[in-house]
Amino acid sequence: MGKGTVDFSKYFQPPNLKEAKKRGKEETRVLDFDTIPDDMKNIGEGKFYLLKTYGCQMNVHDSETIAGILENMGYRPTEDEHQADIILFNTCAIRENAEDKVFGELGHMKPLKREKPDLILGVCGCMSQEESVVNKILQKFQYVDLIFGTHNIHRLPVLLRDALYSKEMVVEVWSKEGDIVENMPKVRQDGLKAWVNIMYGCDKFCTYCIVPYTRGKERSRQPGDVLAEIRELARKGYKEVTLLGQNVNAYGKDFQDQHYDFADLMNDVHKIDIPRVRFTTSHPRDFDDRLIEVLAQGGNLVEHIHLPVQSGSSEVLKRMARKYTREHYLELVEKIKKAIPNVSLTTDIIVGFPGETEEQFQETLSLVEEVQYDSAFTFIYSPRHGTPAAKMEDNVSEEEKKDRLQRLMDLQNEISRKKNEALKGQVVEVLVEGESKNNPDVLSGRTRTNKLVNFKGPKSCIGQFVDVKITEPQTWTLKGEAVVKTHV
Ligand code: 5AD
Ligand code: SF4
């Protein structure tokens with residue numbers, strides 16, 4: 001039997017979008033990562049892997065786990081497609097263009113695969129959770145060797161063995177999502193900043209969004225496991241952690257045996273001796289007063305909040321099933337600004353949601369004007385197969401959507417520039433990450449509010465906190481000069 005003509009039912013329980021919404025509150029199982037099977041422990045000696053990562057920080061962090069598993073089998077990383085023995089695409093499904101990019105790159109792999117038939121070509125991440133994507137790969141990209149889902153990462157050693165020894169395409173995508181697997185190996189990208197998962201999945205079911213289907217139901221890691229991971233990172237000298245979840249404000253709501261929520265977690269993290277703690281992403285609906293109070297303590301809890309609004313129109317928000325109104329959002333912003341006076345707020349906005357009128361779009365512009373975000377990620381709505389919004393009538397033309405996006409970006413850029421201008425002459429604390437991308441003579445790092453700062457200074461500053469005086473603010477970056485501390 002050749003590739004693409006396999007009986008997939010033995011591997012593949014296709015994601016069922018209708019069933020996903022009915023998922024229950026069954027208890028989350030916390031499993032320990034099985035050690036790598038003996039016959040796979042050294043299988044990668046002298047071999048190389050190439051991991052291509054798309055999408056959000058969650059995917060970036062999953063790639064660190066995938067790298068950890070592969071390196072535990074002896075594989076080494078490479079950037080060179082011709083050197084690689086395994087190439088994995090860790091994919092994103094959030095918008096159509098993210099998917100198109102992956103299909104394009106998969107197409108480019110065909111000649112390489114012909115040249116090197118032993119190359120293992122794999123697809124994982126959010127796209128592999130979509131039945132339509134898996135079917136497309138089966139039909140059009142039959143030279144793919146391995147597809148595995150977001151709930152199957154811990155199974156990689158076994159799946160890789162199947163892919164190496166079988167002539168069939170190996171497909172394993174669990175739509176079952178009840179487990180948390182602890183103690184998976186990880187190769188973190190740098191020794192300075194680290195991602196830490198606090199929860200997985202999302203139960204919000206915003207009508208435009210594919211994530212509740214690709215990432216499964218909300219399940220929180222045990223507080224003890226999260227805190228132990230952060231303490232260990234602090235011990236190893238990490239300077240910053242970013243707590244990750246699709247909806248961090250729902251942390252702990254799935255615990256059946258304890259009352260412990262995101263505010264409790266942040267309060268405990270506040271006591272850990274690590275200089276900076278961030279989190280992403282917040283949902284305005286669950287952002288409560290207690291959390292604001294905890295964040296207002298400052299210290300290692302930095303004054304930056306990413307608070308996706310999506311639209312400034314209560315009518316559109318209702319159709320998006322965001323479960324808050326424009327007024328509720330603005331009230332929340334006011335509360336946050338009052339409690340944390342120098343807070344930096346950033347957001348995500350979608351334009352051209354089905355049926356969005358010019359007046360409703362104007363409400364988004366006026367909200368942006370009122371909140372004065374430091375920056376915003378702005379997107380044109382992209383229908384996602386199986387989501388409720390994909391079935392809504394869409395009478396806004398493509399041209400109109402592009403025009404709205406442009407108007408929104410113009411407004412936001414003006415605000416970003418103005419906010420950065422206000423920093424001129426101020427001294428900010430910068431965690432220096434390395435040389436600037438464009439100029440090795442310039443160092444680059446981030447403020448507590450996550451703004452990128454470029455300045456001249458000795459290489460010995462890398463990995464350190466440096467006070468920098470802002471001299472030339474720009475729209476997206478700040479230029480400055482290191483402030484030399486004089487000791488009397
Ligand atoms: N179309 C366009 N943008 C989307 N986002 C999520 N789903 C879609 C979609 N179908 C945006 C939201 C979200 C961000 C991560 O991506 O703004 O906050
Ligand atoms: Fe993309 Fe969402 Fe998956 Fe992240 S969780 S990779 S944004 S689809």
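The values are calculated or read from the model by the stated rules, or taken from the named source; none is laboratory data. Because the structure is a prediction, the values reported are computed rather than measured. Cβ sites come from the backbone with ideal geometry, for glycine too, and all protein chains shown count toward neighbours. Each accessible area value is taken on the protein alone, full model and side chains, heavy atoms only, with ligands, DNA and RNA left out. Shrake-Rupley method; radii C 1.70, N 1.55, O 1.52, S 1.80 Å.
Just a few scattered comments:
- Residue 235/residue 315 FRET efficiency (R0 60 Å; Cβ-Cβ; nearest 0.05): 0.75
- Size of electric dipole in region 180-421: Cβ of Lys, Arg +1 and of Asp, Glu -1, about Cα centre, debye, nearest 20: 820
- Take the Cβ atoms of residue 132 and residue 60, set R0 to 22 Å, and the FRET efficiency comes out at 0.35.
- Helix 326-339 vs. the chain, principal-axis angle (Cα, 0 to 90°, nearest 10): 60
- Modelled spin labels at residue 427 and residue 459, positioned 7 Å past Cα toward Cβ, are 2.8 nm from each other.
- Computed extension length for residue 166-residue 288: 38.7 nm, one decimal, from 0.36 nm per residue of separation with the Cα-Cα distance subtracted.
- The length gained by stretching the chain between residue 402 and residue 110 to full extension, at 0.36 nm per residue less their Cα-Cα distance, is 101.7 nm.
- Residues of type aspartates and glutamates that residue 479 reaches as a straight line, Cα spacing below 12 Å, ignoring anything fewer than 8 places off in the same chain: 421
- Accessible-area composition of the chain, carbon plus sulfur, in percent [1.4 Å probe]: 49
- Based on C-alpha pairs under 8 angstrom that are at least 6 apart in sequence, the chain has a relative contact order of 11 percent.
- Cross-link table 204/335; 41/136; 140/401; 47/459; 338/418; 239/456, entries beyond 26 Å C-alpha to C-alpha: 41/136; 140/401; 47/459
- Gain on full extension, evaluated as 0.36 nm per residue between residue 100 and residue 435 minus their Cα-Cα distance, stands at 117.3 nm.
- Distance cut-off 45 Å, percentage of C-alpha pairs in the chain lying past it: 13
- A simple charge model with +1 on the Cβ of Lys and Arg, -1 on the Cβ of Asp and Glu and nothing else charged puts the dipole of the chain at about 360 debye relative to its Cα centre.
- Solvent-accessible heavy-atom area per residue, rounded to whole Å², over the chain at 1.4 Å: 46
- Cβ charges +1 (Lys, Arg) and -1 (Asp, Glu), total dipole of region 331-378, debye: 360
- In this simple spin-label approximation, residue 348 and residue 369 carry label points 7 Å from Cα along the Cα→Cβ vector, and these lie 2.7 nm apart.
- Relative to the longest principal axis of the Cα atoms of the chain, the long axis of helix 96-115 lies at roughly 40 degrees.
- Long-range HN-HN contacts of residue 380 with modeled amide H, under 5 Å: 351
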